[in-house]
Amino acid sequence: MKIRAVLLDMDGTLLGRSQVAVSVKNMRAIQRALKKGLIVIPCTGRVMDMLPPQLLTQEGLRYFITSHGARVFDRETGETIYQDLIPPQQAAGLMTLLQGRGLYNEIAANATIYLERDIAASLDTQPVPEHHVWYMRDRCYSVLDDPAAFFAGEGVGIEKMNLYDIPAGEQQSIYDAITATGCIRHTREGAGPNLEFSHRTLDKLCAVDAVLARLGVSYAETLAIGDSSSDLDIIRACGVGVAMGNAPDDIKAAADSVTSLNTEDGVAAAFEEYLL
């Protein structure tokens, strides 16, 4: 069956070593695919406005699956066509556990990143991931004086949270407290210096279902490219699943083919083989 749509992971897939910019070769492959009438859908763990500006300004990229499937955007209409968020009251409860403790916590909601004011005021000493530095430098984030009150009072749900460099003595207690709320699902199991979690019912395939239904495209007509466990179900479900050369062995085994490394324009190579 002819491929009509592409689900394209970001980190470890489209993005190279810098995790910031799309290479010229990969970008040209996307542009050629769009010109042919193919539907290219970024499918990422990132929040919407932390995507590379090259993609956000590329004409023809309309649908975006973000935050591991917590939100699906139609950029043309500005509509959220699917979401699975941590509900406002539960979001507020999580923030009550976490805020005021000096923890570097990137809170993804409303398609952007929120930071506590004390954290935002001391970014020079915070453990900002290297590939997030541009985002913080350009002040793309929003600042909250009282996150718990904001999420409860404004009725805003949370797409996901990322905590970085949690002190060793607090790692287990924070992990246990977050888990005990019963409202979240960890991306990585077990206590550690870094945690990422979303709503407990989050399923990236549900987000894919929503966008493919909107497009009238079947899984059999879709190609997926990815590199990690969060891409595995999609790679298995699509008519063609491609694993990156840097993917773990279980991802490669589940895929129909393996392309080059993300640092060697593996996405462009897969587009050439299957689409162009």
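The values are calculated or read from the model by the stated rules, or taken from the named source; none is laboratory data. Since we're looking at a predicted model, the values are computed, not measured. No Cβ is skipped: glycine too gets one built from the backbone with ideal geometry, and neighbour counts run over all protein chains shown. Heads up: the accessible areas ignore ligands, DNA and RNA and are worked out on the full protein's heavy atoms, side chains in. Shrake-Rupley method; radii C 1.70, N 1.55, O 1.52, S 1.80 Å.
Given H placed 1.01 Å from N in the peptide plane, which residues other than close sequence neighbours of Asp11 have an amide H under 5 Å from its amide H?
Those lying under 5 Å, H to H, from Asp11 are Gly45.
Once the Cα gyration tensor of the stretch 67-165 is found, what semi-axes does its equivalent ellipsoid get, as square roots of 5 times the eigenvalues, in whole Å, sorted largest first?
Taking √(5λ) for each Cα gyration eigenvalue gives 22, 18, 11 Å.
Show which lysines lie in cross-link reach of Lys160 when reach means a straight Cα distance below 22 angstrom and same-chain residues fewer than eight apart are skipped.
Lys204
Search the structure for amide H atoms under 5 Å from the amide H of Tyr82, placed 1.01 Å from N in the peptide plane, and list their residues when 5 or more places away or on another chain.
For Tyr82, whose amide H was placed from the backbone, the distant partners under 5 Å are Val72.
Starting at the first residue of the stretch 223-235, write each ³J(HN,Hα) from the Karplus equation 6.51 cos²θ - 1.76 cosθ + 1.60 with θ = phi - 60°, in whole Hz, x for Gly and Pro.
10, 10, 10, x, 9, 9, 4, 6, 9, 4, 4, 5, 4
Rg and Dmax in Å for the stretch 1-149, alpha carbons only: what are they?
17.0, 54
Please report the relative contact order for the chain, taking Cα pairs under 8 Å with a sequence separation of at least 6, and give it as a percent rounded to a whole number.
Worked out over the chain, it gives 23 percent.
For Gly102, which sequence-distant residues (separation of 5 or more, or a different chain) have an amide H within less than 5 Å of its own amide H, given hydrogens modelled in the peptide plane?
Answer set, sorted by chain and number: none.
Projecting each Cα onto the charge dipole of the chain (Lys/Arg +1, Asp/Glu -1 at the beta carbon, about the Cα centre), which of Val24, Gly78, Gly37 comes out farthest on the positive side?
The listed residue farthest towards the positive side: Gly37.
What size of dipole, in debye to the nearest 20, comes out for the stretch 151-276 about its Cα centre when the only charges are +1 on Lys and Arg C-beta atoms and -1 on Asp and Glu C-beta atoms?
For the stretch 151-276, the charge dipole is close to 400 debye.
Can you say what percent of the DSSP beta bridges in the chain, counting only those with both residues inside, are antiparallel? Round to 5.
55 percent
Within the set of other residues whose C-beta is less than 10 Å from the C-beta of Val240, count the net charge using Lys and Arg as +1 and Asp and Glu as -1.
-3
Dipole of the stretch 49-121 (Lys/Arg Cβ +1, Asp/Glu Cβ -1, origin at the Cα centre): which of Leu56, His68, Tyr104 lies farthest to the positive side?
Tyr104
For the stretch 32-181, with only Lys/Arg (+1) and Asp/Glu (-1) charged at the beta-carbon, what is the dipole magnitude about the Cα centre, in debye rounded to 20?
700 debye
Would you check the accessible area of Arg62, probe 1.4 Å, heavy atoms only, in square angstrom rounded to 10?
70 Å²
Quick one: Karplus J couplings for the stretch 61-68, per residue in order, coefficients 6.51, -1.76, 1.60, θ = phi - 60°, nearest Hz, x for Gly and Pro?
Listing the rounded values in order: 8, 9, 9, 9, 9, 10, 6, 6 Hz.
Subtract the Cα-Cα distance of Asp74 and Leu276 from 0.36 nm times their separation in residues, and report this length gain in nm to one decimal.
Length difference between fully extended and current span is 70.2 nm.
Compute log10 of I(q)/I(0) for the chain with the Debye formula, placing one identical point scatterer on every Cα and leaving out solvent, at q = 0.12, 0.14, 0.17 Å⁻¹, to two decimals.
Here the Debye-derived log intensity ratios amount to -0.74, -1.00, -1.38.
Relative contact order (percent) for the stretch 1-137, with alpha-carbon contacts under 8 angstrom and 6 or more residues of separation?
So the answer I get is 17 percent.
Which is farthest toward the positive dipole end of the chain among Ser218, Ile251, Leu195, measuring Cα position about the Cα centre, with Cβ charges +1 (Lys, Arg) and -1 (Asp, Glu)?
After comparing all options, I get Ser218.
Would you work out the charge dipole size for the chain about its Cα centre, treating the Cβ of every Lys and Arg as +1 and the Cβ of every Asp and Glu as -1, and quote it to the nearest 20 debye?
780 debye
In whole Hz, with x marking every Gly and Pro, tabulate ³J(HN,Hα) for the stretch 72-78 from phi via Karplus 6.51 cos²θ - 1.76 cosθ + 1.60, θ = phi - 60°.
Each residue of the stretch 72-78 in turn: 10, 9, 9, 5, 5, 9, x Hz.
Taking square-rooted eigenvalues a ≥ b ≥ c of the alpha carbon gyration tensor, is the stretch 146-237 rounded, prolate or oblate, where a/c under 1.5 means rounded and, failing that, a/b exceeding b/c means prolate?
oblate
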